[in-house]
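The structure appears right after this line, and notes come after that.
Just so it is clear, none of the values below were taken in a lab; they were calculated from the coordinates. What you see is a predicted model, and the numbers here were worked out from it, not measured in a lab. Here Cβ is always computed from backbone atoms with ideal geometry, including for glycine, and neighbour counts include all displayed protein chains.
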Amino acid sequence: MRRAAWVAPLALLLPMAPAPLFAQDGRALFLDARAGRCAHCHQVPADPAVKSQSTIGPPLAGMKARYETLEALDAAIGDLEKIKPGTFMPPYRRHRLLTDAEIAAIARYVWTL
């Protein structure tokens, strides 16, 4: 019992892990002109709310057929340069443009397309 007396206050000092972000959060980041800016380069045929006419990046459709796993898609969004040298897509993870949680959320959204 003595141990619990000092463990509880210690827990208050430890940083809490950020809450996980979900596909709907990823969609918001995808559309956010200050965050991912994904819609500036990609069309999303399955989501009529995305009004991009850009052809810089490929249209995002059939993502489960293009990437075997969600983790592979997450890695591509995080730093496509490692997979496809010469890409125009920013290295979001390497340059810390987005957090790992934000990249994961965008990957969850794109995975649904």
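Each other residue within a Cβ distance under 13 Å of ARG27 adds +1 if Lys or Arg and -1 if Asp or Glu, for a net charge of -3. What number comes out for the charge environment of CYS38, summing +1 per Lys or Arg and -1 per Asp or Glu over other residues with Cβ under 10 Å away? Residues close to CYS38 contribute a combined charge of +1. Classification of the range 20-111 by its C-alpha gyration tensor yields a rounded form. The axis ratio a/c (a ≥ b ≥ c) stays under 1.5.
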